[in-house]
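Take a look at the structure below.
The values are calculated or read from the model by the stated rules, or taken from the named source; none is laboratory data. This one's a predicted model, so the numbers in the text were calculated from it and none came from an experiment. Here the Cβ is made from the backbone with ideal geometry for all residues, glycine too, and neighbour counts use every protein chain on show. When the accessible area is computed, the model is the full protein with side chains, heavy atoms only, and any ligands, DNA or RNA have been set aside. Shrake-Rupley method; radii C 1.70, N 1.55, O 1.52, S 1.80 Å.
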Amino acid sequence: MHTMKQDIIERINLLAQEGDPFLFVVNFQGDDAFIQKLSDIDPQECLYDFEGMSNVVRQVEPPFPSEVQWEVDAPSYASYEKSFDIVKNNMLMGNSYLANLTCKVPVRCNLSLHDIFLHAKGKYKLLLRGHEEENRHFVCFSPETFVKVKGGRVYSYPMKGTLDASLPQAEEMLMADAKEAAEHATIVDLIRNDLSRVAEDVRVDKYRYVDVLHTNKGDILQTSSEISGRLSRNYQAHIGDMLAAQLPAGSITGAPKNKTVAIIEEAEGYDRGFYTGIMGIYDRGELNSAVMIRFVEQHGDGLSFKAGGGITSKSDCRKEYDEVLQKIYLPFE
């Protein structure tokens, strides 16, 4: 099971107690992190924009090339099917009943990561310019909130269920899909469990509502829920512990979490790195954070887009493969 390293937990706890606003970025494994006070962040190293809280100096955005190149080297269906079968066979044996299977897909684009960051539309955006060999050179434009803390309550917004918005009666189709509904119910139950580890009065405030996401390939629909709980009075001294208790995020692992993490690591065969980790800002008792999905990474021989989706016993391999490809997009209107 991936757990956040103790020194990362303690660093977050300490900064939260000191009171200065800070940014944290933690990888999927929980053993690597970029943590800085907002006042100390060098924009040449890191740019962020979390629902308008940003260190981007507002200037005239550089113009797009006359045509944006976006080419996806889709994984072979046979390769995806092999990974899918590992997950599905474990489900048939009762080892998991929901797993988030992801893959690393080469892409070609005539925009820099900086250009993508500036032009991308997204609730949570991050550009980290670090060592490629440490998986620290990437841009993320995530639509998915991890947890928020406001007014002494912690809120989570798991996002699970996707459909092409251009299909006839797309919203009705998505809401009526038995596989998507079962997947979403499982994640909501898992997140309620996770929040109960750090909060009282845990409840589902809003169940399975639809968001519209804009992409360079057209709009897609995704379903989310809102779950919340009441934190203890001294929660500000334990922000790192609270975050660690929720990791890795349920929506990008599965259930039961421990066993499913081992299954997806076998099936995926690559290092997620910071993809599906978390990023957030803590500021005087309030926290806003995201799951790092929708993720483009720079490495020596080009760019990769990391994407995935939830698998259940009712999943169809071809449909899941198509959903992964649908999520490989740039969020430009």
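Kindly indicate whether any position in region 219-233 is polar (S, T, N, Q) and closer than 26 Å to Asp7 by Cβ.
The answer is yes, given that some residue of region 219-233 is polar (S, T, N, Q) and closer than 26 Å to Asp7 by Cβ.
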Just to confirm my filter: which strands (runs of 3 or more DSSP E) fall fully inside region 26-140 and include at least 1 residues that are in contact with a Gly (Cβ under 8 Å, 6 or more places away or on another chain) and surrounded by fewer than 18 Cβ atoms within 10 Å (Cβ to Cβ)? 98-109
Taking region 297-326 only, how many residues are out of contact with any Cys (no Cβ under 8 Å at 6 or more places or on another chain), over 17 Å from Ala99 (Cα atoms) and in contact (Cβ under 8 Å) with a residue 12 or more places away in the chain? 9
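Mind listing just one residue for me: the one in region 201-240 that is outside any strand (DSSP E or B) and β-branched (Val, Ile, Thr) and, of those, modelled with the lowest pLDDT?
Looking at residues that are outside any strand (DSSP E or B) and β-branched (Val, Ile, Thr), I get Thr215.
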Hey, could you check region 198-212 for residues that are more than 18 Å from the chain's Cα centre (by Cα) and among the aliphatic types (A, V, I, L, M) and say which is most open to solvent (accessible area, probe 1.4 Å)? Val204
I need a count of the residues in region 1-36 that are free of Cβ contacts under 8 Å to residues at least 24 places away in the same chain and within 24 Å of Gly273 (Cβ to Cβ). 3
Just need a number here: residues in region 241-278 that are acidic (Asp, Glu) and not in a helix (DSSP H, G or I). 1
